[in-house]
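A short worksheet on the structure shown next.
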Amino acid sequence: MRKFLVVLDDSRECLNAMRFAAMRAAKTGGGVAILSIIPPEEFNHWIGVGDIMREEARERIHAHFEVFAKWMRDKQGVDPELVIREGTPADEIIEHVRADPEIGVLVLGAAVDKKGPGPLVTQLTKNAGSLPVPVTIVPGDLSKERLEAIT
């Protein structure tokens, strides 16, 4: 089954990327993989503290994921999978795309502020020519109605 890979983070544009991935998966018979990345710890010398921070990050990710997963199951009939990786976000996304042959499309949300589309979109579009899958960039300010029309 072809899966849409979408990144779960704290950005506002993440919401539209999630919606787009779920709607496209529902309409094409695909699946959704939600990838969340825990960045490298700054407190490596405090192993106990680092472990606690890592566990707290995982708990937040699971809680955040459940909100999106419930919506995807209830509204789109799609049961997403959660993948948690640790490392630098762009590197982990590329590694996961290469590791999972079922991923057919990487879906990213673009920020709408004047600083640019966001660090992930900026970094990954620079490498888009060497990625093994297409990248879909979803504008962060599209309405739900417009997303439904597009998908």
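Among the residues of segment 1-23, the ones that are closer than 17 Å to D74 by Cβ and charged (D, E, K, R) come to 1 in all. A Cβ distance below 6 Å, combined with a sequence gap of six or more or placement on separate chains, defines the contacts here; from segment 16-34, residues that are farther than 25 Å from R58 by Cβ reach residues that are of a type in the set (D, E, K, R) and outside any strand (DSSP E or B) in the pairs G30/R2.
Free of Cβ contacts under 8 Å to residues at least 60 places away in the same chain, out of contact with any strand residue (DSSP E or B) (no Cβ under 8 Å at 6 or more places or on another chain) and assigned to a helix (DSSP H, G or I), is that true of E66? Taking the combined requirement at face value, the residue satisfies it. Applying the criterion of being modelled with pLDDT of 95 or more and among the hydrophobic types (A, V, I, L, M, F, W, C) to the residues of segment 78-93, the residue that is farthest from the chain's Cα centre (by Cα) is V78. The single condition among (1) out of contact with any Gly (no Cβ under 9 Å at 6 or more places or on another chain); (2) under 18 Å from A21 (Cα atoms); (3) surrounded by 15 or more Cβ atoms within 10 Å (Cβ to Cβ) that E145 does not satisfy is (3).
Within segment 84-95, the residues that satisfy the criterion of being surrounded by fewer than 19 Cβ atoms within 10 Å (Cβ to Cβ) and touching a residue at least 40 places away in the same chain (Cβ under 8 Å) are I84, R85, E86, G87, T88. Limited to segment 94-138, what total is found for residues that are of a type in the set (V, I, T) and under 24 Å from G29 (Cβ atoms)? Within segment 94-138, residues that are of a type in the set (V, I, T) and under 24 Å from G29 (Cβ atoms) number 9. Scanning segment 127-143 for residues that are within 18 Å of the chain's Cα centre (by Cα) and assigned to a helix (DSSP H, G or I) yields a single hit, A128. Looking at D51, D113 in this structure, which one is more than 15 Å from the chain's Cα centre (by Cα), among the acidic types (D, E) and assigned to a helix (DSSP H, G or I)? Every option except D51 fails the conditions.
Quick grid of which residues meet (1) farther than 12 Å from V6 by Cα; (2) among the acidic types (D, E):
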| residue | (1), (2) |
| --- | --- |
| V32 | no, no |
| I52 | yes, no |
| A57 | yes, no |
| M72 | yes, no |
| G87 | yes, no |
| E92 | yes, yes |
| H96 | no, no |
| A99 | yes, no |
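The residues listed here are D10, D51; of these, the one that is under 21 Å from P139 (Cα atoms), modelled with pLDDT under 95, of a type in the set (D, E, K, R) and surrounded by fewer than 17 Cβ atoms within 10 Å (Cβ to Cβ) is D10.
In the set (1) touching a strand residue (DSSP E or B) at 6+ places or on another chain (Cβ under 9 Å); (2) within 23 Å of D113 (Cβ to Cβ), the condition left unmet by P80 is number (2).
The values are calculated or read from the model by the stated rules, or taken from the named source; none is laboratory data. From a predicted model like this one, the values you see are computed outputs, not experimental measurements. As a convention, Cβ positions derive from the backbone with ideal geometry for all residues, glycine included, and neighbour counts pool all protein chains shown.
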